[in-house]
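Peer 1: Sending over a structure as structure tokens; questions will come in a sec.
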Amino acid sequence: MRRPRGQERAITGNRQTSWAFADAFVAEDEATRWARDRAREAGLRSVSSGTGAALRLLAGAADAKAVAEIGTGTGVSGIHLLHGMRPDGVLTTVDSDPECQQFARQAFRAAGFAGNRARFIPGRALEVLPRLADGGYDLVFCDGDRLECLDYLAESLRLLRPGGLVCFEGVFADGRTVDSTLAPPAEVQRVRELLRAVRESTVLMPSLLPVGDGLLCAVRRGAP
């Protein structure tokens with residue numbers, strides 16, 4: 001069915017406003033805003049409120065009890081994940097910066113989560129992830145080094161139970177992923193390879209959500 005003449009322009013003209021409205025649709029609590037301020041002071045970029053809301057929704061839909069997070073930051077994404085998880089769920093979060101993890105501890109506590117709801121592991125993700133249990137996780141959230149994203153994908157497929165979710169933050173790379181006018185830097189080329197690998201995988205059912213800087217999500221299919 002063809003749209004009435006001029007309707008395409010109206011949709012295009014309002015798209016940025018609509019996306020901004022959607023991204024701010026779910027309000028954040030004081031603890032999350034505090035964690036966001038700490039990230040800004042440290043020169044780190046946190047997930048947007050829309051991305052956080054999507055993570056909360058996905059964790060809730062998966063009835064997640066065990067979640068692994070690559071990139072603790074100051075705890076913004078972790079708070080959203082914990083809000084979506086089961087009350088007895090545990091977030092295992094990995095980051096190479098223990099100082100940031102201390103901010104995240106404070107933020108989780110301020111958000112009302114008991115200390116046993118999160119397991120903080122300092123270190124490089126690719127050194128830590130092999131120590132985590134095969135098939136032991138309902139959701140893996142990746143917000144680390146883009147150059148390592150394909151390695152994160154391989155580890156996630158091992159870590160996830162059938163029906164579990166893997167999510168990658170920042171796959172738009174500030175618009176550079178779809179910009180074909182310049183030769184892409186290595187990290188953008190790697191993200192393009194990740195998108196291709198996820199889309200063509202026979203064991204993943206993917207979707208690319210236009211929230212924040214792009215959230216790539218996929219469900220790990222069960223055994224045939």
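The values are calculated or read from the model by the stated rules, or taken from the named source; none is laboratory data. Values in this document were obtained by computation on a predicted structure and should not be read as measured data. Because the Cβ atoms are built from the backbone with ideal geometry, glycine has one as well, and the counts that use them run over all protein chains shown. Side chains are part of the model used for accessible areas, which takes the heavy atoms of the whole protein and leaves out ligands, DNA and RNA. Shrake-Rupley method; radii C 1.70, N 1.55, O 1.52, S 1.80 Å.
Peer 1: Tally the residues that are within 19 Å of Leu132 (Cα to Cα) and surrounded by fewer than 22 Cβ atoms within 10 Å (Cβ to Cβ), restricting the search to the stretch 67-87.
Peer 2: Number of matching residues: 0.
Peer 1: Among residues belonging to the stretch 165-187 that are small (Gly, Ala, Ser) and under 22 Å from Ser48 (Cβ atoms), point out the one that is most open to solvent (accessible area, probe 1.4 Å).
Peer 2: Here the answer is Gly175.
Peer 1: Sticking with this one: What number of residues within the stretch 22-50 are closer than 22 Å to Asp145 by Cβ, open to solvent by 50 Å² or more (accessible area, probe 1.4 Å) and not acidic (Asp, Glu)?
Peer 2: Number of matching residues: 5.
Peer 1: Mind telling me which of the residues Arg45, Arg86, Arg15, Arg40 ends up being among the charged types (D, E, K, R), out of contact with any helix residue (DSSP H, G or I) (no Cβ under 6 Å at 6 or more places or on another chain) and closer than 30 Å to Arg221 by Cβ?
Peer 2: Result of the check over Arg45, Arg86, Arg15, Arg40: Arg86.
Peer 1: When the residues of the stretch 54-66 are filtered to those that are in contact (Cβ under 8 Å) with a residue 40 or more places away in the chain and open to solvent by 10 Å² or more (accessible area, probe 1.4 Å), which remaining residue is farthest from Leu160 (Cα to Cα)?
Peer 2: Among those residues, the one meeting the criterion is Ala54.
Peer 1: Moving to a separate point now. Please enumerate the residues belonging to the stretch 144-164 that are open to solvent by 20 Å² or more (accessible area, probe 1.4 Å) and either farther than 20 Å from Gly73 by Cβ or of a type in the set (Phe, Trp, Tyr) (or both). Can you show your working first?
Peer 2: Looking only at the stretch 144-164, we keep the residues that are open to solvent by 20 Å² or more (accessible area, probe 1.4 Å), and these are 144-148, 150-151, 154-155, 157-158, 161-163.
Leu150, Ala154, Leu157, Arg158, Arg161, Pro162, Gly163 - these are the residues of the stretch 144-164 that are open to solvent by 20 Å² or more (accessible area, probe 1.4 Å) and either farther than 20 Å from Gly73 by Cβ or of a type in the set (Phe, Trp, Tyr) (or both).
Peer 1: Which pairs turn up if I take residues in the stretch 183-208 that are under 15 Å from Val219 (Cβ atoms) and look for partners that are in a helix (DSSP H, G or I) and open to solvent by 80 Å² or more (accessible area, probe 1.4 Å) with beta carbon separation below 8 Å, at least 6 apart in sequence or on another chain?
Peer 2: Every condition considered, the pairs that remain are Pro206/Arg199.
Peer 1: I would also like to ask the following. Could you tell me which of the residues Glu193, Glu155, Glu148, Glu169 is farther than 21 Å from Thr93 by Cα and in contact with a Leu (Cβ under 9 Å, 6 or more places away or on another chain)?
Peer 2: Residue meeting the stated conditions: Glu193.
Peer 1: Anything in the stretch 107-128 that is more than 18 Å from Gly75 (Cβ to Cβ) and assigned to a loop (DSSP other than H, G, I, E, B)? List them, or say none.
Peer 2: Arg124, the sole residue that qualifies.
Peer 1: From (1) at positive phi; (2) open to solvent by less than 60 Å² (accessible area, probe 1.4 Å), pick out the condition that doesn't hold for Phe141.
Peer 2: All conditions pass for Phe141, except number (1).
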